[in-house]
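Asker: Quick one: structure below, then a few questions.
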Amino acid sequence: MADTPKGFQAGQTALVVRVPEAEPAVGTWRERLDPTSRTGVPAHVTVLFPFLHAATVDDAVCAALEEAIGRHRPFDVRFERSGRFPGLLYLAPEPDAPFRRLTEEIAERWPEAPPYGGKYEPVPHLTVAQTHDESVLAEVEAEVAAHLPVAARVTSVDLVVFDGTGWRQRATFALGRPDAPGDA
């Protein structure tokens, strides 16, 4: 399949945790400086990208995702500080361990879909801006810092699919009840 101008391929999927509470702090910057925002991706923390090709995500895969994600309890998260990767500014979730456990469990269940294609060690983060202009990243970081902390409650993980022009939600999987056995 040919790459689209945005660098994604039609049929790619991802598992993400939407963080709408972060939009007031990061939405304007993401719209300007995060290409994924312009493809329909809201403020989020990625659990696993790329996941399976959309054509292989059937009822059995969805049932397995529902079971795996449902074993994890809902949790509270705060974004109090920013961090950087080369050319990228992000907000760091605290705690990040629940995101890591979700990623590890799903990657273990589907070893054919390693996080980031096996290119990078997964680090939970909420992307704010992408540019190699360090002065722009510093400006954005200072502006966003004035809106921190951001607090959120994580209760679900979304399966999203790139249709060739944008990302669309395909399914939502609820984390287990607060009294459910599993991760805290």
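Asker: For Thr28 and Glu94, what does the FRET efficiency come to when R0 = 30 Å and r is the distance between their Cβ atoms, rounded to the nearest 0.05? The partial results should precede the final answer.
Answerer: On the way: r = 23 Å, r/R0 = 0.78.
Working from the Cβ atoms, E equals 0.80.
Asker: Here are several values of Cα Rg over 2.2 N^0.38 Å: (1) 1.12; (2) 1.22; (3) 1.01. Which one was derived from the coordinates shown?
Answerer: From the options (1) 1.12; (2) 1.22; (3) 1.01, the structure gives (3).
Asker: Net charge near Leu33: determine it from the other residues with C-beta under 11 Å of the C-beta of Leu33, scoring Lys and Arg +1 and Asp and Glu -1.
Answerer: Numbers: positive: Arg30, Arg32, Arg38; negative: Glu31, Asp34, Asp133, Glu139.
Net charge in that neighbourhood comes out at -1.
Asker: Looking at the chain, what % of its DSSP beta bridges pair antiparallel, to the nearest 5? Display every interim value, and only then the final one.
Answerer: On the way: 31 of 32 bridges.
Antiparallel bridges make up about 95 percent of those DSSP assigns within the chain.
Asker: Quickly estimate the mean residue ellipticity at 222 nm for the chain, helices only: each DSSP H run with n ≥ 4 gives -39500 (n - 2.57), and the total goes over all residues, rounded to 500. Spell out each step's value before the answer.
Answerer: Details: 4 runs with 48 residues, N = 184.
My calculation for the chain gives -8000 deg cm²/dmol from helical runs alone.
Asker: What trypsin sites (Lys or Arg not before Pro) does region 78-184 have in DSSP loop regions with at most 11 other beta carbons within 10 Å? If you can, show how the numbers build up before the last one.
Answerer: Numbers: sites: Arg78, Arg81, Arg84, Arg100, Arg101, Arg109, Lys119, Arg153, Arg168, Arg170; in loops: Lys119.
When the trypsin sites (Lys or Arg not before Pro) of region 78-184 are filtered for loop state and at most 11 Cβ neighbours within 10 Å, Lys119 remain.
Asker: Here's something else I'd like to know. Work out how much length Val136 to Arg38 would gain on full extension: take 0.36 nm times their residue separation and subtract the Cα-Cα distance, in nm to one decimal.
Answerer: On the way: separation 98, 0.36 × 98 = 35.28 nm, distance 1.89 nm.
Using 0.36 nm per residue and subtracting the Cα-Cα distance, I get 33.4 nm.
Bear in mind these aren't lab numbers, they're just calculated from the coordinates by the rules spelled out. Since the structure is predicted, the reported quantities are computational estimates derived from the model, not experimental observations. Ideal geometry is used to build each Cβ from the backbone, glycine not excepted, and the neighbour counts take in all protein chains shown.
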